[in-house]
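**Student:** Have a look at this one.
The values are calculated or read from the model by the stated rules, or taken from the named source; none is laboratory data. What you see is a predicted model; the values in this text were computed from it and never measured. Heads up, the Cβs are rebuilt from the backbone with ideal geometry, glycines too, and the neighbour counts pull from every protein chain shown.
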Amino acid sequence: MADSIKDKETTVEERRFARKPVTNKIVSSGMKGLLSNLTPEQQAILAELKGSSSSTKKSGTYTTVNESSTMPTDTAIAEGVNKLFRQYYGRDARPDELAPYLAEAKSLYVDPKTGKTKSYVTETWKDGNQISVKTLTAQKEDPFQIIENSIKKNIAEGKVAVNKQNVPEGVSGKYFQNIKNIAARNGINLSDAAAADYANKINAEQLDENTVYNTIRESAASAFPQFADKIKSGIDLKTLADPYIQSMSNILEVPDTAIDLFDPTVRSALSYTNKDGTVGTKSLYDFETQLKNDPRWAYTKNARQALDNVGLQVLRNFGLAS
C-alpha cells in the first residue's frame, strides 16, 4: 500500500515537472545530471521548448556586428558611389570619377596588419525583421561616409561643372538660381562666381541656406537703410518698390517685367536725398512728374494724347475750335 502511494506521488510529481516550462537558462547552467534523470517524454518536452525559444523573434530594434573576410562587390560599391553622385551632382559618376573611389573603398577592406581582407557586417533588426545591412571596413568605418565627405570637399572647392549660363550642375544649380533671384529682388548685383561659391558651399553643407539669404538681405538693408527693417524681416525690396515700377510702366508704356531694381530712375527714387540731408524715398507724385519730363515719355501714346489735348485747348482759347 505504501509503495502504491509512493508510485502515485512520483507520477504526480513527474507530471508536474512535465508541465513546468524548462528554459534554456536551466539547460545552459550545466545541470546535465538532471537531464540524465528525465524520462524520454520529459526530454522530448525539453527539446521542444528549447527549439521554440531559439526560434522566437527578438522584439525591439537592435544591431548585430559580425567579423567577415569578404568585401562588397565592385557593383555594390559602384552603386553606392552613384547614389551619392545623384544626391550631390544629379547624375551618376563618370568612369574617370568612379575608378578612384572604387579603388579607395576596396583598399579600406584590407587589414593593414595582416594584409588580408577584413570587414564587419552590421545588421539592424526591428521586431525580428532585418531592416538594413552594412559592410564596414577593416577599421569598422562606413566607406560611403568617407566617400561622401570627399565629394562634399570637392564641391565646396568648386569642382563642379557649369553650363553656358554659368549655372552649376546638380543641387548646386538649384541653390545658384535661388541665390541669384533673391539678390536681384533686393537690388544686389551678385556675380555668378559669388553665387556659385555660395551654392556649392550650401550643397556641401558648409553653409546654411538661410545664412546666405540673410547675408544678401543685410547687404540690401545697408544699401537701402530706409527699408532696412522691412528687408531684414523678409520683405523683398522688389515688393516695396512695386508702386514705382507700376507707375513707370504705365507712364512710359513699357512692360513692368522690363523694369528692375537696377533701373537708375527707380533706384534713385528709392534712395532719394531729402532737403534735410536724410535718405528717404521720392514721393510717387514727384516720381510721376519726373517721368513725364523723361525723353522717353514723348514717344508714348499718353504724351501724344496730352499734346493733342493741349493743342485743342489753345485753339479753343482763340475761338478757332469748338
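**Student:** So which of 135, 73, 114 is outside the structural domain of residue 202 (by TED's automatic domain parsing) and in contact with a Ser or Thr (Cβ under 6 Å, 6 or more places away or on another chain)?
**Tutor:** One residue alone meets the criteria, 135.
**Student:** Looking at 113, 118, can you tell me which residue is surrounded by fewer than 17 Cβ atoms within 10 Å (Cβ to Cβ) and among the charged types (D, E, K, R)?
**Tutor:** One residue alone meets the criteria, 113.
**Student:** Could you pull out the residue among 222, 247 that is more than 19 Å from residue 175 (Cα to Cα), of a type in the set (Gly, Ala, Ser) and out of contact with any helix residue (DSSP H, G or I) (no Cβ under 7 Å at 6 or more places or on another chain)?
**Tutor:** From the options 222, 247, the qualifying one is 222.
**Student:** Can you tell which of 183, 204, 199 is surrounded by 20 or more Cβ atoms within 10 Å (Cβ to Cβ) and touching a Lys or Arg at 6+ places or on another chain (Cβ under 7 Å)? Break it down into steps so the answer makes sense when it comes.
**Tutor:** Working: 183 fails: touching a Lys or Arg at 6+ places or on another chain (Cβ under 7 Å); 199 fails: touching a Lys or Arg at 6+ places or on another chain (Cβ under 7 Å).
Answer to the selection: 204.
**Student:** Is there a residue in the stretch 239-255 that is at pLDDT below 95, polar (S, T, N, Q), touching a Ser or Thr at 6+ places or on another chain (Cβ under 7 Å) and in a helix (DSSP H, G or I)?
**Tutor:** Within the stretch 239-255, not a single residue is at pLDDT below 95, polar (S, T, N, Q), touching a Ser or Thr at 6+ places or on another chain (Cβ under 7 Å) and in a helix (DSSP H, G or I).
**Student:** In the stretch 150-188, how many residues are under 28 Å from residue 230 (Cα atoms), out of contact with any Asp or Glu (no Cβ under 9 Å at 6 or more places or on another chain) and not hydrophobic (A, V, I, L, M, F, W, C)?
**Tutor:** Final tally of qualifying residues: 3.
**Student:** If residue 148 meets every condition in (1) under 30 Å from residue 262 (Cβ atoms); (2) assigned by TED's automatic domain parsing to the domain that holds residue 65 apart from one, which number is that one?
**Tutor:** Answer for residue 148: the failing condition is (1).
**Student:** Taking the stated definitions as given, is residue 178 polar (S, T, N, Q), under 24 Å from the mean Cα position of the chain (by Cα), crowded, with 16+ Cβ neighbours inside 10 Å and modelled with pLDDT of 95 or more?
**Tutor:** Against the criterion (polar (S, T, N, Q), under 24 Å from the mean Cα position of the chain (by Cα), crowded, with 16+ Cβ neighbours inside 10 Å and modelled with pLDDT of 95 or more), residue 178 qualifies.
**Student:** Looking at (1) surrounded by fewer than 14 Cβ atoms within 10 Å (Cβ to Cβ); (2) more than 17 Å from the chain's Cα centre (by Cα), which is the only condition residue 149 fails?
**Tutor:** Just one mismatch for residue 149, condition (2).
**Student:** Which one of these is in contact with a Ser or Thr (Cβ under 8 Å, 6 or more places away or on another chain) and outside any loop (DSSP other than H, G, I, E, B): 195, 221, 183, 228?
**Tutor:** Just a single option satisfies the conditions, and that option is 228.
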